[in-house]
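A.B. asks: Handing you this structure, nothing more for now.
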Amino acid sequence: MSDQIQQAIQSSTRTVGANPSTAILPWHRREDTWAVLIALGLVLGVTLAFFLGGGRAVSATALSIPTWSDGATLVGALTANPFAPLALFGLFLAAFSGASLVLGWNVARYAAGFALLFAFSLVVTALGSNASLKQWQLETPLLALAVGIVLGNAVKLPDWFRSALRTEFYVKVGIVLMGATLPFTIILQAGPLAIAQATIVAVTTFVAIYLAATRLFGLDPRFGATLGAGGSICGVSAAIAIGGACRAEKSHVSIAISMVVLWAVAMIFALPVACRFLGLAPGVAGAWIGTSEFADAAGFAAAATLGDERAVTTFTLMKVVGRDMFVGVWAIVVAFLAVTRWERGSLGPVERVGLGELWRRFPRFILGFLAASLIVTVILASVDSTIGTRYASDAIGPLKTLRGWAFAWTFLSIGFTTRFRELTRFGWRPFAAFAVGVLVNVPLGYWLSTTVFESYWLAVK
């Protein structure tokens with residue numbers, strides 16, 4: 001966990017503790033930008049290959065491991081296209097290394113680390129495709145997380161490998177690719193509903209954590225706001241953005257990230273078990289996970305564990321379209337409170353917090369997600385049904401496979417960067433404040449998903 005925290009803090013050093021209106025990285029130095037460019041590049045490249053008759057090259061790159069029950073079946077699937085792993089590795093290595101160069105990462109160290117991460121992803125994906133493990137619900141997301149946690153806590157990871165554990169980067173690539181597999185019409189139909197449910201949950205959870213932190217446990221208001229943002233909006237990204245907006249201390253942001261990761265990992269296991277025990281329909285279960293999980297990557301792992309694409313779809317609508325979009329709004333609100341109340345004018349005149357902050361703090365990968373969905377939807381609407389069926393199979397299918405690999409690297413990164421020994425260093429008060437939010441968030445999300453908005457989530461295909 002400490003590695004993930006350090007990466008997050010280092011990437012936000014020009015945000016936390018600085019004037020939020022000026023301390024933003026240029027667009028070409030942001031992870032969001034490169035996640036969107038890489039993912040949309042894949043969408044457009046696969047689409048172009050389809051219409052130019054290059055489907056074989058796409059299928060050779062989008063390595064898919066079928067369900068297997070004996071070693072011979074697995075070996076046969078891999079030897080049928082022995083160059084697919086190399087093609088897949090080469091494609092993403094080239095894309096990620098190019099991004100690394102611009103983002104300022106050490107390209108050589110990153111490439112070496114990604115090579116090992118890719119090798120781990122091959123192993124866990126192959127194991128996750130085993131029929132027996134699937135019956136026990138031990139598919140790729142949970143296996144990747146488990147392998148990462150065990151090895152990350154048992155073995156000292158070399159620095160060159162840790163440089164490739166970019167959880168936020170991989171999950172953003174996966175989210176944009178997710179947009180290509182989700183028709184824009186569904187977003188238009190369910191989006192307002194997701195935003196309505198997200199508004200109720202985000203406001204209630206934020207207020208609960210903030211009041212618990214400041215009124216019950218006597219924490220600094222800026223600390224309480226950072227904890228509240230991490231628990232109510234979009235996890236790590238929200239903690240960083242809101243921490244910067246209110247000029248929270250770096251240690252406050254670090255602890256908030258710790259809380260997000262701790263509870264997110266716990267919910268990966270708890271929420272799917274609860275969904276099965278309660279017999280929830282996939283669409284309803286995905287909406288509940290999207291309402292009650294604290295991080296995109298962890299939520300995708302939990303939703304994917306249910307083994308139904310409808311759960312992944314409703315989770316995405318709830319978490320990405322609904323909750324993640326609030327980060328810019330909360331940055332405005334919290335920055336205004338910091339200037340007018342918490343700092344009592346020490347940060348300068350109120351006009352330093354302008355509406356431009358909404359755009360500067362807005363998570364750009366959401367726009368990439370919407371763009372990918374719109375591109376695919378327009379293409380499907382522009383061709384006849386026969387070509388549309390082929391496009392769904394030969395283009396959207398491989399994009400879904402590539403999305404799966406991006407999430408495999410995400411889950412492995414979460415596991416490798418989770419450090420249990422770090423969890424005892426932040427004291428009990430932040431933990432207790434965040435726990436209050438969990439006690440509010442989870443039952444509220446369940447009630448909204450299974451009672452108030454159930455009919456809408458059941459209708460999502």
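A short reminder: the numbers here are calculations on the coordinates, not readings from a lab. In this text, all values refer to a predicted model and were calculated from it rather than measured experimentally. Counting neighbours? That spans all protein chains shown, and the Cβs are built from the backbone with ideal geometry, glycine included.
A.B. asks: Skipping prolines and chain starts, which residues have an amide H placed within reach, meaning under 5 Å, of the one on TRP68, given they are 5 or more residues away or on another chain?
C.D. replies: Long-range HN contacts for TRP68: ASN130, ALA131.
A.B. asks: If each of LEU216 and VAL383 carries a label point 7 Å out from its Cα toward its Cβ, how far apart are those two points in nm?
C.D. replies: Label-label distance for LEU216 and VAL383, simple model: 5.4 nm.
A.B. asks: Can you tell me the FRET efficiency between ALA392 and ASP70 if r is taken as the Cβ-Cβ distance and R0 is 30 Å, rounded to the nearest 0.05?
C.D. replies: Using R0 = 30 Å, I get an efficiency of 0.45.
A.B. asks: Let me ask something additional. Suppose R0 equals 51 Å. What FRET efficiency, 1/(1 + (r/R0)^6) with r the Cβ-Cβ distance, do PHE277 and LEU93 give to the nearest 0.05?
C.D. replies: On the way: r = 42 Å, r/R0 = 0.82.
Efficiency computed from Cβ-Cβ geometry: 0.75.
A.B. asks: Mind checking the alpha-carbon convex hull of the stretch 128-198 and giving the volume per residue in Å³?
C.D. replies: Working: hull volume 12.0 nm³, N = 71.
About 169 Å³ per residue, rounded to a whole number.
A.B. asks: Quick one: work out Rg over Rh on the C-alpha atoms of the stretch 201-289, Rh as Kirkwood radius. All intermediate terms of the calculation are to be shown ahead of the outcome.
C.D. replies: Working: Rg = 14.6 Å, Rh = 13.7 Å.
Here Rg/Rh amounts to 1.06.
A.B. asks: When the convex hull of the Cα atoms of the stretch 372-461 is projected onto a plane and the area is averaged over all directions, what value comes out in nm²?
C.D. replies: That works out to 9.5 nm².
A.B. asks: In whole Hz and in residue order, list the ³J(HN,Hα) couplings for the stretch 201-206 that follow from phi through the Karplus curve 6.51 cos²θ - 1.76 cosθ + 1.60, θ = phi - 60°; x for Gly and Pro.
C.D. replies: 5, 4, 5, 5, 5, 4
A.B. asks: Now a separate question. When the chain is fully extended, how far beyond the present Cα-Cα distance does ALA112 get from ALA57, taking 0.36 nm per residue of separation?
C.D. replies: Roughly 17.2 nm would be gained on extension.
A.B. asks: If you don't mind, another one. Quick check: net charge around LEU103, other residues with Cβ under 9 Å of its Cβ, Lys/Arg +1 and Asp/Glu -1?
C.D. replies: Residues near LEU103 contribute +1 overall.
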